[in-house]
Amino acid sequence: MIAVGSDHGGLALKQAVYELLQRRNLECKDYGTNSSESVDYPDFGAKVARVVSRGEADAGILICGTGIGMSIVANKFPGVRAALVHDEFTAQMAREHNNANILVMGGRVLSIEQGLKLVEIWLDSEFAGGRHQNRLAKITAVEQHL
Ligand code: RB5
């Protein structure tokens, strides 16, 4: 299951992303927000990051105005690797090198079309493993204060 969430700044792109996931027959769950009323991004970022961290979702997609706030909050959760991506290269690397389990985007940075393209790239790319796996293990060690 892919968990999706946004604040008001990411609402339009999140709705389009949710429809894309449904078109691709991917199981997904929307954790809000679902109105244009101003809300606090940590509330929605935490909902998505929590289920990814607990293994209740396979992955997540978070969108706020810039993507910065959502990436900061999501990366507080153990096991979460949230990557803020801006273009096709960073979307691909987020999977291939970082095996990001949460994709983060800025709804005020990207057009809907660009955002959907980045989601497709992240979904369709594969983790390269090898030396990158060693680096992820080092991130886990930092998280465990080793
Ligand atoms: C909300 O105005 C805005 O601060 C938020 O969407 C996001 O960009 C925070 O990082």
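Leaving ligands, DNA and RNA out of it, report the carbon-plus-sulfur percent of the accessible area of region 1-104 at a 1.4 Å probe. Mind showing how you got there, number by number?
Values: 2180 of 4680 Å².
So the carbon and sulfur contribution to the accessible surface is 47 percent.
Return the calculated 222 nm mean residue ellipticity for the chain, to the nearest 500 deg cm²/dmol, obtained by summing -39500 (n - 2.57) across DSSP H runs with n ≥ 4 and dividing by the residue count. Please report the intermediate quantities before stating the final value.
Details: 6 runs with 68 residues, N = 146.
Dividing the helical sum by the residues of the chain leaves -14000 deg cm²/dmol.
In Å², and per residue, what accessible area does region 93-146 have when probed at 1.4 Å with the other protein chains present?
Details: 3190 Å² over 54 residues.
Ligands and nucleic acids excluded, the result is 59 Å² per residue.
What whole-number distance in Å separates the alpha-carbon centres of region 1-42 and region 78-120?
Between the Cα centres of region 1-42 and region 78-120 lies a distance of 14 Å.
Starting with the highest mean, order 26-37, 3-14, 47-58, 102-113 by the number of other Cβ atoms within 10 Å, averaged over the residues of each peptide. Mind showing how you got there, number by number?
Numbers: 26-37: 14.7, 3-14: 24.7, 47-58: 18.4, 102-113: 20.6.
Peptide ranking by packing, descending: 3-14, 102-113, 47-58, 26-37.
Any of K29/K76; K76/K138; K47/K76; K14/K47 with alpha carbons more than 19 Å apart? Name them for me. List each step's numbers first, then the result.
On the way: K29/K76 21 Å; K76/K138 16 Å; K47/K76 12 Å; K14/K47 15 Å.
The pairs that break the limit, which is 19 Å between Cα atoms, are K29/K76.
Need one word for region 40-146: rounded, prolate or oblate. Basis is the Cα gyration tensor (sqrt eigenvalues a ≥ b ≥ c); a/c below 1.5 gives rounded, then a/b vs b/c decides. Please report the intermediate quantities before stating the final value.
Details: a/c = 1.95, a/b = 1.18, b/c = 1.65.
Oblate, because a/c is 1.5 or more while a/b does not exceed b/c.
Once a ≥ b ≥ c are taken as the square roots of the eigenvalues of the Cα gyration tensor of region 1-100, is the result rounded (a/c under 1.5), prolate (a/b larger than b/c) or oblate (a/b not larger than b/c)? Write down the numbers at each step before the final one.
Details: a/c = 1.25, a/b = 1.16, b/c = 1.08.
It is rounded, given that a/c, with a ≥ b ≥ c, falls under 1.5.
Excluding D58 itself, calculate the net charge of residues whose Cβ lies under 12 Å from the Cβ of D58, where each Lys or Arg counts +1 and each Asp or Glu counts -1.
On the way: positive: K29, R54; negative: E27, E56.
Surrounding charge for D58 is 0.
Rounded, prolate or oblate: pick one for region 64-125, where a ≥ b ≥ c are the square roots of the eigenvalues of its C-alpha gyration tensor, a/c under 1.5 means rounded, and failing that, prolate if a/b is larger than b/c, else oblate. Spell out each step's value before the answer.
Details: a/c = 2.39, a/b = 1.13, b/c = 2.11.
Since a/c reaches 1.5 but b/c is at least a/b, the shape of region 64-125 is classed as oblate.
The values are calculated or read from the model by the stated rules, or taken from the named source; none is laboratory data. It should be emphasised that the depicted structure is a prediction, and the values quoted were computed from it without experimental measurement. Don't worry about glycine lacking a Cβ; one is built from the backbone with ideal geometry, like all the others, and counts go over all protein chains shown. What goes into the accessible areas is simple: the full protein's heavy atoms, side chains included, and nothing from ligands, DNA or RNA. Shrake-Rupley method; radii C 1.70, N 1.55, O 1.52, S 1.80 Å.
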